[in-house]
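Notes for the one structure printed next.
The values are calculated or read from the model by the stated rules, or taken from the named source; none is laboratory data. In this text the structure is predicted, and so the values were computed from the model without any measurement. With ideal geometry, Cβ positions are generated from the backbone for all residues, glycine too; neighbour counts draw on all protein chains shown. Remember, those area values only see protein heavy atoms, side chains included, never the ligands or the DNA or RNA. Shrake-Rupley method; radii C 1.70, N 1.55, O 1.52, S 1.80 Å.
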Amino acid sequence: MKSDGRLAGVDGCKAGWIAVHRELDRPPSVSVFPSFQLLLDALPDATIAVDMPIGLPDTSSKGGRGPEALVRPLLGARQSSVFAIPSRAALYADTSDFTTIEAWHAAHRLASAVAMETSDPPRGVSIQAFGIFSKIREIDSLLTARPELRRRIFESHPEVAFCRLNGGTAMALPKKIKGSVNPAGMEERKALLCRHGYDKRFLDQAPPRGAASDDFLDAAAMMLIAGRIASGEARPSPDPPLADRFGIPIAIWA
């Protein structure tokens, strides 16, 4: 777990963003930040790997933006964890802060309608994908306004990360079953993270308030990918990355 600089692995969580981060050869820490901007303020110059789509398509084609179709075959039974991202227009169809469940459902219907118009074959928006739209926009707006951030914020994906860290073999057990954490799947992932330098006591601690235990492990895996990126070991899918209309790279790193 060596690096020449600050590393952070990040995942979205109920309270905002959970980050497992470390400096030089110090032990890792875990923190929760209510916004991605606050995370950047707290971790200046960190190389960041985040489990969130980066780079948005103008039109959505079957299988996703490009990276998704490349990494799914690596994951076997875990490939359903990689879902396609709809168009930029669908993501920005309604940017309200929803105060009622009715408004939330109305915004989902609107996003789905726009997605249908901007995809081939026509495809709506799943509830799962819609639930992270605000987080996708949060990172997208930062990378659009501040191109220099593109040199240190990289998209990854936990199951792709675990597969790469496991020598190219996907995890045998699911992390969740029917929406509930699967203890055996969590232990399988903890054992792999420990082989890459984590202390089991660190991974066994309760996650910070506002984050779930699987968010914590995903962020821990993301930090290892940040280290691989910083050292030049990580590889993007596709290689070289694609780019969206703003020049934001589109690739899943691991």
With Cβ to Cβ distances under 14 Å as the rule, what net charge do the other residues near Pro44 carry (K, R +1; D, E -1)?
0
Quick one: accessible area per residue over segment 78-232, 1.4 Å probe, rounded to a whole number of Å²?
47
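Could you compute the net charge surrounding Gly63? Neighbours are other residues with a C-beta less than 11 Å from the C-beta of Gly63; K and R count +1, D and E count -1. Don't skip to the end; give the middle numbers.
Numbers: positive: Lys62, Arg65, Arg72, Arg123; negative: Glu68.
Computed value for this residue: +3.
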With θ set to phi - 60° and the Karplus curve 6.51 cos²θ - 1.76 cosθ + 1.60, what are the ³J(HN,Hα) couplings of segment 196-207 in order, to the nearest whole Hz, using x for Gly and Pro?
9, x, 6, 8, 4, 5, 5, 6, 7, 5, 5, x
Which shape class applies to segment 99-254: rounded if a/c is under 1.5, otherwise prolate when a/b exceeds b/c and oblate if not, where a ≥ b ≥ c are the square roots of the Cα gyration tensor eigenvalues?
oblate
Diffing segment 24-30: the Karplus 3J(HN,Hα) column from phi (6.51, -1.76, 1.60, θ = phi - 60°), in whole Hz with x for Gly and Pro, holds 6, 9, 7, x, x, 10, 10
Let a ≥ b ≥ c be the square roots of the eigenvalues of the Cα gyration tensor of segment 184-250; is it rounded (a/c under 1.5), or, if not, prolate (a/b larger than b/c) or oblate?
prolate
Note to self, the chain gives a 222 nm [θ] from helices alone (DSSP H runs n ≥ 4, -39500 (n - 2.57) apiece, / all residues, nearest 500) of -11000 deg cm²/dmol
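Run the numbers on the chain and let me know its relative contact order in percent, using alpha-carbon pairs under 8 Å that are six or more apart.
29
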Give the carbon-plus-sulfur fraction of the accessible surface of segment 152-254 in %, rounded to a whole number; probe 1.4 Å, heavy atoms of protein chains only.
54
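Taking a ≥ b ≥ c as the square roots of the Cα gyration tensor eigenvalues, with a/c under 1.5 meaning rounded and otherwise prolate when a/b beats b/c, else oblate, which class fits segment 1-115?
oblate
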How do Cys13, Cys194 rank by accessible surface area computed with a 1.4 Å probe, from largest to smallest?
Cys194, Cys13
Coil-residue GluC sites (Glu not before Pro) of segment 22-107, DSSP, other Cβ within 10 Å capped at 16:
Glu23
Per residue, how much accessible area does segment 1-62 show when a 1.4 Å probe rolls over the protein heavy atoms, in square angstrom?
44
At most 15 other Cβ within 10 Å, DSSP loop - chymotrypsin sites (Phe, Trp or Tyr not before Pro), segment 63-106:
Phe83, Phe98
